[in-house]
1. Work out which GluC sites (Glu not before Pro) in the chain are exposed loop sites (DSSP not H, G, I, E or B, at most 14 other Cβ within 10 Å) and give the longest gap free of them.
2. Once you keep just the Cα pairs under 8 angstrom separated by 6 or more residues, what percentage relative contact order results for the chain?
3. Hey, in the GNM for the chain with a 10 angstrom Cα cutoff, which one of T386, T245, T185 fluctuates hardest?
4. State the percentage of accessible surface on the range 51-138 attributable to carbon and sulfur atoms; use a 1.4 Å probe and exclude ligands, DNA and RNA.
5. Can you give me the distance in nm between label points at Q285 and D145, each placed 7 Å from the Cα along the Cα-to-Cβ direction?
6. Considering only protein heavy atoms and a probe of 1.4 Å, how much of the accessible area of the range 164-366 is carbon and sulfur, as a whole percent?
7. Taking a cut-off of 28 Å between Cα atoms, list the lysines near K104, but don't count ones fewer than 8 places away on the same chain.
8. Give the percent of DSSP beta bridges with both residues in the range 164-366 that are antiparallel, rounded to the nearest 5.
Amino acid sequence: MDRKGSRSSRRRPLKKRPPPNRHQIEQEQVSTSTLAKKLKSGENIDVIVNPSLGYTIINFIDVFSSLSNYVKCKTCGGDVKFGQSSIRGLGFKLVVECASCDSKSINSCPCTDNHSYEINRRLVFSFRMLGIGGQGIKKFCGLMDLPKPGGQTTYDALVKNIHCAASSVCENSMKSAAKEEINLTAEADNIEKPRGLTVSGYATRSKKGLFSLYGVASLIGYHSGKVLDVAVKSAYCNECESMKTKANTAEYEEWNRRHQCDVNHEGSADKMEVDAVREMFSRSQELHDVKYLNYVADGDCKIFKDIAESNPYDESVKKKERIERVPSGKNESLDDLIWQIAPKTNFSNAKINEIAAFVATTIFNDGHRSLLDILRILNVSIGPRTHDMCVEEDVSRVSIGNVD
Ligand SMILES: [Zn+2]
Ligand SMILES: [Zn+2]
């Protein structure tokens, strides 16, 4: 019996899946999560600068109707016209039309493997780095007479992509920082392998009126001055807040079944930092295969007391008095970096605050060049101008006194 034939005859008829609609194409997340997984598994993801990439804003109708006065079809010598098709957000296909030949189309920008235009994820990422979200992007596009960016669902999907890319690059950065810290500690103590590391805690939070909404805490290596771990605590969920009035209705029950809550902190907001630091101590062995055995703290430190009480390891964590202010200059810039990306004056949800913490951490550890890594994971091509800006940012960050 023909096994092949029998197998195919048993196969259930394939349900024809409808092709993705134009919005779904821009919402694809597979290409980013695939690269993020590769990075997390230790694979090297190289950033390649593409010298032929560079955007220019033009007034489309004017420029291309003039252009058609100057050019002829290469196949038949007839007149050509230019148009647009497959318009999605800022991406489109440039269509070259000739009356006697097949029309040709050219992508206005590079696309991911799954056909989404890179310009749309680039736009959302760039504005996020400036602390601006979907509403701001809409205003920008309108004022610039650019096409409308995608709707809310597309925006949310792009934010998810950015979150995925930023978290994988951040994790990678903290792993390298931990290795560096281990080596520097070994050198300082003149031993092969240190039993544990010395860290200091750093915390910042955003408030709405009197209420603390989000707290970001990080642990910084004593010798490297780099962030070894970061945790974001959220005591607030915008959706929960707005659904409060509908409690006990059918609509509420339905919403509640699907709701992914932002809140990951229970109890008093004052304990956000303490809980975050405790969490980072308890996962140090899993994350970096290392214990934090010394904590740099001033006299009466609440966080240190809590760590000592929670006893995260089978040996005690010791307090190291702060002799000189350990990288406090750098700490301030970590604070600046976080709230530039998720400004305290605007409401940002937990995902945005996490993106801010992850990106700030990678810039703090490795400079603005790490933005290129995030773009790479986002499947966004890097042209010379993006590359040069990141390099220049790092140079100007070192020199003091730069103002806008
Ligand atoms: Zn032709
Ligand atoms: Zn919620």
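1. 44-191
2. Details: 568 pairs, mean separation 77.0, N = 404.
Computed over the chain, the figure is 19 percent.
3. Comparing T386, T245, T185 in the GNM, the peak value goes to T245.
4. The C+S portion of the solvent-accessible surface of the range 51-138 is 54 percent.
5. 6.5
6. On the way: 4700 of 10280 Å².
Carbon-and-sulfur percentage of accessible area, whole number: 46.
7. K72, K74, K81, K93, K148
8. Working: 17 of 25 bridges.
Looking only at bridges with both residues in the range 164-366, the antiparallel portion is about 70 percent.
The values are calculated or read from the model by the stated rules, or taken from the named source; none is laboratory data. These figures come from a predicted structure and were not determined experimentally. Cβ coordinates were reconstructed from backbone atoms using ideal geometry, including for glycine residues, and neighbour counts include every protein chain displayed. We work out accessible area using only protein heavy atoms, side chains counted, and drop any ligands, DNA or RNA first. Shrake-Rupley method; radii C 1.70, N 1.55, O 1.52, S 1.80 Å.
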